[in-house]
Amino acid sequence: MLFDLDGTLLDSVYQHVLAWREVLETFGIPLSIWRIHRRIGMSGGLFLRALVRETGRALTAADADRLRDLHAGAYSRRLGEVKPLPGAQQLLDMLTAQGVPWAIATSGSDATARRSLALLRVDPHVPVITRDQVAYAKPNPDLFLAAAEALGKPIADSFVVGDSVWDQLAAQRAHALGVGVLSGGYGREELESAGAYRVYDDPQDLLNHIDELGIRTHS
């Protein structure tokens, strides 16, 4: 199982949204919160490209780098508000106990992801693939392909679990089976339209129905 991080295992989407709004305002770019939320989960580069398209504001490469750095700082200041989603730790612990290989693949930077991961118990041997380790982030499939490779498992035999349409699109492009969770704010229909095989409320709901994915638990 290959997991997205923000909105899938951690209740952190809105902290990212508010961090982006803060730094965009320092650049004199007012953007509604809902517009920012719709882009969370895709790569920072695509996010900023969409921003340029929606606002008409030109950004240089240096501006984009500066915005990403400022966002990382603004998010770090909100990290105290972030908690694991219900059932997230229990789901990961169950997979480990049952010998089901799993990894994390996030569009976040290495620095941001590592700080966030401290909120979960993740064995050092579990692969964590970040934006810094691949050529392209979501909706490209690179993150999930790299995560499956790190596990030594075929991507076609993998489930991709994510909260955004970008996760589901990346799963389809990787030829993995997508599983959606509603805990990032996207609707069930949106996730299903983007290719999700099943959609659950949050990690706890997924854990409660894990047999639907053909994963058998043994006490």
>> Compute a Gaussian network model of the chain, connecting alpha carbons closer than 10 Å, and tell me which residue from 38, 114, 57 fluctuates the most.
In response: 57
>> Over 18 Å apart: what share of the alpha carbon pairs of the range 61-202 falls there, rounded to a whole percent?
In response: 60 percent
> What's the center-to-center distance, using Cα atoms, between the range 123-138 and the range 144-219 in Å?
Replying inline: 17 Å
> About its Cα centre, what dipole magnitude does the range 13-80 give when the only charges are +1 on Lys and Arg Cβ and -1 on Asp and Glu Cβ, stated in debye to the nearest 20?
Replying inline: 200 debye
>> Please compute the Kirkwood hydrodynamic radius over the range 85-157, one decimal place, Å, based on all pairs of different Cα atoms.
In response: 12.9 Å
> In the range 184-219, which trypsin sites (Lys or Arg not before Pro) are in a loop and have at most 15 other Cβ atoms within 10 Å, using DSSP for the loop call?
Replying inline: 216
> How large is ³J(HN,Hα), in whole Hz, for each residue of the range 81-87 in order, when computed from phi with the Karplus curve 6.51 cos²θ - 1.76 cosθ + 1.60 and θ = phi - 60°, using x for Gly and Pro?
Replying inline: 8, 8, 10, x, 6, x, x
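Work the Kirkwood hydrodynamic radius out for the range 1-135: mean of 1/r over every pair of different alpha-carbon atoms, inverted, in Å.
Details: mean 1/r = 0.0636 Å⁻¹.
Taking every pair of different Cα atoms in the range 1-135, averaging 1/r and inverting gives 15.7 Å.
Just to confirm a number: summing +1 for Lys and Arg and -1 for Asp and Glu over residues other than residue 68 whose beta-carbon lies under 14 angstrom from that of residue 68, what do you get? Provide the component values of the computation, followed by the final result.
Values: positive: 39, 49, 66, 131; negative: 22, 63, 65, 69, 110, 132.
For residues surrounding residue 68, the net value is -2.
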>> Could you compute how fast the range 13-80 diffuses translationally, taking Rh as the Kirkwood radius over C-alpha pairs and applying Stokes-Einstein at 10 °C with viscosity 1.306 mPa s? Give it in µm² per second.
In response: 134 µm²/s
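Which value does Rg/Rh take for the range 159-214 over its C-alpha atoms, Rh per Kirkwood? Numbers along the way, then the final one.
Values: Rg = 10.0 Å, Rh = 10.7 Å.
Reported Rg/Rh (Cα atoms, Kirkwood Rh): 0.93.
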>> Using Cα springs under 10 Å in a Gaussian network model of the chain, which residue among 32, 116, 43 shows the largest mean-square fluctuation?
In response: 32
>> Please list, ordered by chain and number, the residues whose modelled amide H lies under 5 Å from the amide H of residue 12; skip anything fewer than 5 residues away on the same chain.
In response: 7
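Would you work out the charge dipole size for the chain about its Cα centre, treating the Cβ of every Lys and Arg as +1 and the Cβ of every Asp and Glu as -1, and quote it to the nearest 20 debye?
Values: 22 positive and 27 negative charges, 118 e Å.
Roughly 560 debye for the chain.
Pairs of alpha-carbon atoms within less than 8 angstrom and 6+ residues apart define the contacts here; what relative contact order does the range 13-80 have, in percent?
On the way: 46 pairs, mean separation 30.3, N = 68.
Result for the range 13-80 is 45 percent.
A short reminder: the numbers here are calculations on the coordinates, not readings from a lab. What you see is a predicted model, and the numbers here were worked out from it, not measured in a lab. Every residue, glycine as well, gets a Cβ built from its backbone with ideal geometry; the counts of neighbours run over all protein chains shown.
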